[in-house]
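To start, the structure under review is shown below, and the notes come after it.
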Amino acid sequence: MADIISRRVITLPEVKGILARIDQDKMDQIQRWTYNYVTKFSKVTEEKARAMKDRLMNECGLTEEEAVEIINVMPSSIEELRTFTFGWKKLILTETLEKMLKILDEGRGIE
């Protein structure tokens with residue numbers, strides 16, 4: 001078993017990118033299950049996920065954990081976004097939610 005060097009929060013597309021570099025024949029069962037899951041549920045590329053994460057943090061004031069949560073689910077409406085932000089126990093202005101949705105839509109290729 002490998003030693004943990006560091007910990008950080010990453011998006012599903014980033015997980016997919018990491019696991020894609022491993023030969024599937026050499027993956028253990030958990031790695032294979034995880035790779036299948038992230039392949040099925042990743043909604044954008046690894047590069048787009050990183051760019052969106054940076055923008056959500058810099059332009060919308062989200063923490064890295066909050067940005068990753070939003071990218072992993074990719075809500076498509078203000079109402080869906082409110083569902084997540086309500087659980088964060090902080091007030092997010094409608095203007096900020098609209099900006100978040102715009103960043104997600106641009107990542108999806110909807111402009």
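Here are some residues: 103, 30. Which one is farther than 14 Å from residue 10 by Cβ and buried (at least 19 other Cβ atoms within 10 Å of the Cβ)?
So the residue among 103, 30 that is farther than 14 Å from residue 10 by Cβ and buried (at least 19 other Cβ atoms within 10 Å of the Cβ) is 103.
What number of residues within the stretch 60-77 satisfy the criterion of being closer than 19 Å to residue 110 by Cα and surrounded by fewer than 15 Cβ atoms within 10 Å (Cβ to Cβ)?
Number satisfying all stated conditions: 2.
Let me spell it out: the conditions are (1) modelled with pLDDT of 95 or more; (2) surrounded by fewer than 17 Cβ atoms within 10 Å (Cβ to Cβ); (3) β-branched (Val, Ile, Thr), and residue 22 meets all of them except one. Which number is the exception?
So residue 22 meets the others, but not (1).
Suppose the filter is part of a helix (DSSP H, G or I) and loosely packed, with under 14 Cβ neighbours inside 10 Å; does residue 3 pass it?
no
Among the residues of the stretch 20-50, which ones are in a helix (DSSP H, G or I), in contact with a helix residue (DSSP H, G or I) (Cβ under 7 Å, 6 or more places away or on another chain) and among the aliphatic types (A, V, I, L, M)?
38, 49, listed by residue number.
Name every residue in the stretch 6-19 that is basic (Lys, Arg) and surrounded by 14 or more Cβ atoms within 10 Å (Cβ to Cβ), in order of residue number.
The answer is 16, and nothing else.
The values are calculated or read from the model by the stated rules, or taken from the named source; none is laboratory data. Computed from a predicted model, the values in this text were never measured in an experiment. Counting neighbours? That spans all protein chains shown, and the Cβs are built from the backbone with ideal geometry, glycine included.
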